[in-house]
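A short worksheet on the structure shown next.
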Amino acid sequence: MSSVKAQARTQHVYDFATLDKVPEGLTSLKVAARRLLSGPDLQSGKSSTVGAVLASSHIACTLGRQAQGTGAKAHTHPNEQFNYVLQGMMMNDIEGDRVFASQGMILHTPGMAVHTGLACPDEDLVFLAIKDTRHGITGPPVDGKYDGPNCFPGFGSRASEPKQTTADALAEAKRLPPGPGKRYVYDMLEISDAWSGPASAAVKPGSGLALPAGVSGKLLTGERLHVAVLRLAPGAAIARHMHENEQFTFVAEGTLDAELEGDHMTVNERCLLHVPSGMAHALTAPRGALVVVAQDKCRSFSA
């Protein structure tokens with residue numbers, strides 16, 4: 001049997017909406033079905049995040065959901081984390097600063113940084129969490145207690161308190177003493193970037209990425225991973241190529257037509273395409289698309 005036919009039997013496209021169970025057959029990634037990530041139930045966990053986990057040798061990710069007003073206690077883990085927000089707003093206390101990330105932004109957490117991560121009160125939070133594989137998808141709480149998720153006043157374990165709104169949370173943050181002021185939040189839909197202070201990741205706008213015609217975006221480079229957000233205009237294409245970096249491509253908006261070593265497939269919205277190291281691939285966006293691309297840092301980023 002030819003290598004192309006053998007490859008066709010291996011799943012490379014993953015629809016998070018169907019990952020309440022592990023797919024049958026061969027998969028290019030290790031799949032853990034959707035679940036509460038930090039414990040068997042809310043009362044004995046440290047976070048409210050629910051999601052399925054896709055993992056390879058270099059990269060792991062989940063499409064996480066937190067119920068409004070709830071999230072993760074202060075915790076830490078050796079691996080870095082990039083959270084791309086698709087819905088809602090995330091609040092994070094990290095290394096002395098309180099920061100907020102809304103739709104189209106990435107909140108980057110370096111390895112071993114102590115941090116929280118909560119869905120602001122006005123709506124549920126949906127985010128793509130991308131990590132390197134020095135550790136698992138979750139990390140232990142700083143206080144060592146698995147006694148339920150972190151909550152805003154009026155939610156979860158604090159339901160008896162007067163309910164706080166997102167506007168209240170933003171106003172409260174302005175009254176806090178100033179922190180170190182390091183940058184952790186990046187607006188990935190804004191092509192220009194004028195930040196000049198200390199930052200958790202290196203930023204490279206699309207003008208420095210030699211992107212194909214009809215493709216624009218921005219790249220973040222952290223400790224172990226490159227993460228880019230790219231917008232493909234209708235009809236834009238990334239020609240057939242290969243690179244040593246492994247690649248995860250998540251479709252935030254639109255649809256991609258993908259070709260992996262002669263095998264053609266469609267990658268719909270909120271689905272992920274896995275391209276193993278050294279595999280020739282091409283991407284086309286017939287009606288346009290917004291994608292999040294993660295690669296390991298064995299080589300420089302290549303779209």
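Working note: 222 nm ellipticity from helices only, DSSP H runs with n ≥ 4, each -39,500 (n - 2.57), summed and divided by the residues of the chain, gives -1500 deg cm²/dmol to the nearest 500.
Our estimate of slack between GLU161 and ALA233, defined as 0.36 nm per intervening residue step minus the Cα-Cα distance, is 21.2 nm.
If every alpha-carbon in the stretch 44-118 counts as one equal scatterer, what log10 I(q)/I(0) does Debye give at q = 0.19, 0.23, 0.25 1/Å? The computed values of log10 I(q)/I(0) come out as -0.84, -1.26, -1.47.
Put a dot 7 Å past the Cα of MET242, heading toward its Cβ, do the same for ASN268, and the two dots end up 3.1 nm apart. With 10 Å bins beginning at zero, the pair-distance distribution over Cα atoms of the stretch 110-185 amounts to 13, 38, 41, 8, 0 %.
Coupling constants for the stretch 233-247 follow from the phi torsions by the Karplus curve (6.51 cos²θ - 1.76 cosθ + 1.60, θ = phi - 60°), and in residue order they are 5, x, x, 5, 9, 10, 5, 4, 7, 8, 8, 5, 5, 6, 9 Hz; glycine and proline get x. On full extension, the segment bounded by SER300 and ARG35 gains 92.0 nm, given 0.36 nm per residue less the C-alpha separation. Relative to the globular-protein estimate of 2.2 N^0.38 Å, the Cα radius of gyration of the chain stands at 1.00.
Which residues make up the longest stretch of the chain that has no GluC sites (Glu not before Pro) in a DSSP loop with at most 13 other Cβ atoms within 10 Å? It runs 25-189. The modelled label-to-label distance for the pair THR18/ASP168, using points 7 Å beyond Cα in the direction of Cβ, is 4.3 nm. A Förster radius of 45 Å combined with the Cβ-Cβ distance from THR284 to LYS182 puts the calculated FRET efficiency at roughly 0.70. With the cut-off at under 16 Å, measuring from each backbone N in the stretch 47-77 to a point 7 Å along the Cα-to-Cβ line of THR27 picks out 51-64. With a 1.4 Å probe and every protein chain kept in, tell me what percent of the accessible surface of the stretch 33-140 is carbon plus sulfur. Looking at the stretch 33-140 in its full context, I get 55 percent from C and S. Between THR76 and ARG9, full extension at 0.36 nm per residue minus the direct alpha carbon distance yields a gain of 20.3 nm.
On a 0 to 90° scale, report how tilted helix 166-175 is relative to the longest principal axis of the chain, with both axes built from alpha carbons and the result rounded to the nearest 10. Once rounded, the angle reads 70 degrees. Accessible area per residue for the stretch 20-130, computed on protein heavy atoms with a 1.4 Å probe, is 34 Å².
The values are calculated or read from the model by the stated rules, or taken from the named source; none is laboratory data. What you see is a predicted model, and the numbers here were worked out from it, not measured in a lab. No Cβ is skipped: glycine too gets one built from the backbone with ideal geometry, and neighbour counts run over all protein chains shown. We work out accessible area using only protein heavy atoms, side chains counted, and drop any ligands, DNA or RNA first. Shrake-Rupley method; radii C 1.70, N 1.55, O 1.52, S 1.80 Å.
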